[in-house]
Amino acid sequence: MSTPTRTRSGRRSSARPVAAGDLPAGIELDEGVGVVHRGRSATFAEAVTDHDGGGAVRIARAPGNPTGIRAEPLPVRRLPDAPRPAPSWTPSAWTPSPEPVDEEAP
């Protein structure tokens, strides 16, 4: 199989192996981007990310195209920031044991 190349954005690309028939058509994702599938047939529903700038591209063979592939950019929805839970303890709530514990005592 061909070694994936890097796109201008620095993302590894599986376009050459798809064009050569070494990989099936699919969706290429940037780091931090996920795909949501729905239904029994796992139909593509959407691409989501937790950060700005993530991308997703549907890659398919296109023998009539000079590059041998068809690349269709997909919309990516930015997920809202998740609220961070408050810590279950605070340093001011910790109190040391009133008596030292002698771990070598029987």
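The values are calculated or read from the model by the stated rules, or taken from the named source; none is laboratory data. Keep in mind that this is a model prediction, so the values were computed, not measured. We place every Cβ from the backbone using ideal geometry, glycine too, and count neighbours over all the protein chains shown. Surface areas here come from the heavy atoms of the whole protein model, side chains and all, with no ligands, DNA or RNA. Shrake-Rupley method; radii C 1.70, N 1.55, O 1.52, S 1.80 Å.
Search segment 16-48 for residues being among the β-branched types (Val, Ile, Thr) and in contact (Cβ under 8 Å) with a residue 40 or more places away in the chain, and hand back the single one that is most open to solvent (accessible area, probe 1.4 Å). Per the criteria, the residue is Ile27. Report yes if some residue within segment 49-59 is free of Cβ contacts under 8 Å to residues at least 12 places away in the same chain and of a type outside the set (Gly, Ala, Ser); otherwise report no. No, segment 49-59 contains no residue that is free of Cβ contacts under 8 Å to residues at least 12 places away in the same chain and of a type outside the set (Gly, Ala, Ser).
Checking each residue in segment 30-61 for being at pLDDT 90 or above and among the aliphatic types (A, V, I, L, M) picks out Val33, Val35, Val36, Ala45, Ala47, Val48, Ala56, Val57, Ile59, Ala60. Of all the residues in segment 67-86, those that are open to solvent by 80 Å² or more (accessible area, probe 1.4 Å), in a loop (DSSP other than H, G, I, E, B) and not hydrophobic (A, V, I, L, M, F, W, C) number 7.
Take the conditions within 21 Å of Leu79 (Cα to Cα) and hydroxyl-bearing (Ser, Thr, Tyr) and apply them to Thr67. Does it pass? No.
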